[in-house]
Structures are given as C-alpha cells and as structure tokens.
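Please treat every number below as a calculation from the coordinates, not as lab data. If you're wondering where the values come from, they're calculated on a predicted model, not measured in any experiment. Positions of Cβ are generated from backbone atoms using ideal geometry, with glycine treated the same way; all protein chains shown enter the neighbour counts.
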Amino acid sequence: MKRRWQRWAPLGAGLILAGCATPPESRVEEMPASYPANWTADGAPGETETGVSLEEDQGGWVDDFNSADLRPLINEAIANNYDLQATAASLGIASADATIAGADAYPQINGEFGGGRQRQNIGGMNTEFSNVMLSVGATWEIDIWGRLRDRQSAALADVQAQLATYRGARLSLAARTANAWFRTIEARQQLDLATVTYESFNRGTEAIRSRYERGVSPALDLRLSLAQTAAAKASMDLRGQEYDAAVRQLEVLLGRYPAKELAVVEELPSITRPVPVGLPSELLDRRPDLIVAERQLAASGKRISEARKSMLPRIALTGEYGYSSSSLSNLLDSSFSVWTLAGNALQPIFQGMRLSAAVDRAKAVAQQNLAAYGQTALDAFREVETTLAAEQFLNERVDNLDESATQSIAAEDAAWEQYSRGLTDIITVLESQRRAFEARTALINARTNRLVNRVNLYLALGGDFDHAPQEGVEVKSPLGPDEITLPSETLPEKVALQDKATAEES
C-alpha cells in the first residue's frame, strides 16, 4: 500500500500547486475621465443640504410613489417576464462556462474496462488467447505558472459581469414596468378628458343649433361648432386607441396575454419625498452597467496574463493503475496489477507568431475595455445630471401648466357666458374651449413625465430597485413547471459580486 501511494504522490503535489482560482481584483486604478465631488445640476442637493441618502434609504424606490398597485405589478413582471428569463438563462450559461474553464486545473481521471480474444496462425499452428483489462488513469497539467488559474479567474469575472447584467436587466424591467403603469394611467386620464371634452362640445353644439333654429345664431356658428365637435370625437377615438395599446403593452411586460383585462386606476400617484442624493463616486459601485464594464476590464487583465504564460513550458503528469489478465477470474488479483507513470514538459518554440499575436490581441481587448469603461461612466454621469436637472424643470412646468389649465377653464366659462349674452362671437368661444382642452392635456402629460423622470433618476443612480422585490424572487420558466431562483442561490460564493450593492443585498 505504501508503494502504491508513492506512485501517485506527484499527482497529489500537482493538486496542491494548482490551488483555487478567485475573481480578479479591479484594474481601475484611476477613472479614465475626471468627475466632480458633487453633482452639478441645478436643484441637486449639495454638501450642506439635507436630503435622502441612497445608503440610508431602507424603504425602496417604490415607496417614492403612493401607489398600492405598483409593487405587485413589478413583482409580477420580474417573476414572469420572458426577456428577464432569457437573461437569467445567460447567467446560468456563464456559470457553466466558468466551471468548464476551470476543469483543466484538476486531474482528468477516467476508468477503463476492456477485453478481447485473439487468434494467431504461426507456422501452421493456431494459437488463441484472451486478455481482460481494468484500469484507472489520470492526466494532470501542473499549473506552475498559474496560466490555468488566470483562465478560470477571467471566467469568474465573466460570471460576475453576467450577474451584474442580470441585476441591470431586472432593474430596467422594474423601471419599465413602473413607467408603463404611469403611462397607462395617463392614457386613461387622456381618454377620460377627451370623452368629457367631446360631450361638452356636443352639448355646446346642440345649444348653438337651438339658437340657429331660433334665428339667434348664424349658420357659420353652427358649422364651426360642428367641426370642432367632430375633431373632439376624432381625438377621443385616438385616445381610446392609445389607451388600448398602453394596457396591452403593460400586460405583455407582466408576462400576461395582451387581453386588455388589467384594471387601471383613475389617478396618477404623487411623489412622497425629495430627490435622493449620493456622490458621483458612489455611482461607480452602484450601476450594474459600470460593474459589467469593470469586470470585463478585470477579466481582460487576466487574459493578458494567460496569453503571456502560454509561452512558458507546460509540465504534465500521466498515470495509470489497473489489472490485466487472460482470465476474468484473476482480474482483481494483485499478482496481475500493472501501472505506469510518466511526465513530460512542453516548451513552445515556434508557432507562426500565434502566441505573441495572442498577447497583442489580449492587450488590445484590455485597451478596448478600458475605453468602454470610461465611456460608460461618462454616459452614466450624464444620465444622472440630466435627470437631476429635469426634476426642477418638470416641477416648474407642472406648476405653470396647472395655472394655465385653471385660467383656461375660467376663460372658457366666461366666453360661454358672454356668447350667450351676445357680447362675443363663436370664434372666441371655440378658441377658449380648444385652449382649455390643450392646457389640461399638457398638464396630465407633464405630471406623468415628472413621475417617469423620478423612476429614471433611480435607474440612472443604479438605485435601490433590489428592495422591490427582495433578492431570490422566483423566476418562472416557460419550459416546464420548474422554477429558477436567481441570482445568488445558483452561484458559489467565490463568484458573488464584491461591490457595495451586492454586499447590502447579502
């Protein structure tokens, strides 16, 4: 037994030398583009101003809106949306690829059983004999330079990037669902407004018709009123079409058949708290797309190292132990045991510049990923600054449109009163009606845009969407009754994201 252990000792030493690969450290020592200490947009809270901190926020972004329907809709979308399921499957693919990439770092062990019977005719004499073999063989590349560990480490970074991609897809789906819900409510309000406006115009037309039949108003007044009423009816038809499309689009986001069966509330929710604050530097650790870009950059660094180490000698061990006998009954008899142990070293000398070109390619990919990271960061900063600035503009726009709608409605009432007394013409009445309708339409749209911008602000900040729903929500598979629980439960701890957001989730 002792001698048998000594035969396999070199393979055991190789296992110890191989070690375990871990995800690579960040290669971003300094941002490719400079950024300020605080946001520069007008209306963004400064260092001395109070506000809601993203790190202190515990309620989740959904609590920004006093809507009891929003959270269930987002949970339903995340559980049933097919695009998110496809992204979840990609995460599983990346995890499997990482396992495959690390397979070469372990011994390749195979069992073999074989048997045969052979007949030979030598000098007119027939000879028959049998042979039966049972063996276990192993091959092992000793990863002295760490080439295989670099390969697996890069693959683990790919898994981390795909995990961030999944988080980003889930965050985006939550935002799209919220915005689609707000747009659907807006579509209903616009339809209701168009319906009320048409009915009001129609009543006005009937009043003018009565005045015309009594000879009080000319035919021109009636024709102008009929034309405006017909236009209002066309507007109502258009709003009905838009509402129908909005409901069906939202149902598809939720993973439902687009049957227009979703119940839609009448009023838009309101925003319940100030703009959330944070620092530009925190964005680098929060946004999934930035995490993806950083992990791709880290992986490219490991692939440069792997390409360089491919030029170094490779040392491999092979071994086999088993039994060989002409009789099956003696197959496990130690007297018939056989074993082999061999080692070899391979040093690349000339391969047509393939290895040096691989190093150059890996360096170029790293430069490409660094540039992509810098551009992604600039785009992220722009999105935050733009949505922060839009908060103030939209608040002022809503206030001004609210005043415009109030005055337009009052002007419409005054115009009708003066027309009934013969103090103004029908053109003034119709114009006041049109302006009142347009002001109320614009007000509804501005209120919706303010809600959408707040959601987009959280999306730009990499926001606290992971609070809604909680980590581990079940994603239903369209292929069968099984359910996929993602993301952290299906991945080993060593490939969990090391960023701040994931630490908070865990």
remark   = Listing Ile304, Ile271, Ile100 by rising number of other beta-carbon atoms within 10 angstrom, fewest first, gives Ile100, Ile271, Ile304
note = Ranked on Cβ counts within 10 Å of their own Cβ, fewest leading, Ser153, Ser300, Ser420 go Ser420, Ser300, Ser153
inquiry  = Please arrange Trp61, Trp140 by how many other C-beta atoms lie within 10 Å of their C-beta, fewest to most.
reply    = Trp140, Trp61
ask   = Of the peptides 247-258, 166-177, how do they stack up when ordered by the mean number of other Cβ atoms within 10 Å, highest first?
value = 166-177, 247-258
query = What dipole magnitude, in Debye to the nearest 20, does the stretch 222-314 give about its Cα centre under +1 on Lys/Arg Cβ and -1 on Asp/Glu Cβ?
reply = 680
inquiry  = Considering the Cα positions of the stretch 162-314, please state its Rg to one decimal place and its Dmax as a whole number of Å.
reply    = 28.6, 107
task = Give the residue from Thr272, Leu297, Thr229 lying farthest towards the positive end of the charge dipole for the stretch 216-314; charges sit on Cβ (+1 for Lys and Arg, -1 for Asp and Glu) and the dipole is referred to the Cα centre.
result = Leu297
ask   = Using 0.36 nm per residue, how much length does the chain from Thr272 to Ala207 gain when fully extended, once their Cα-Cα distance is taken away?
value = 18.9 nm
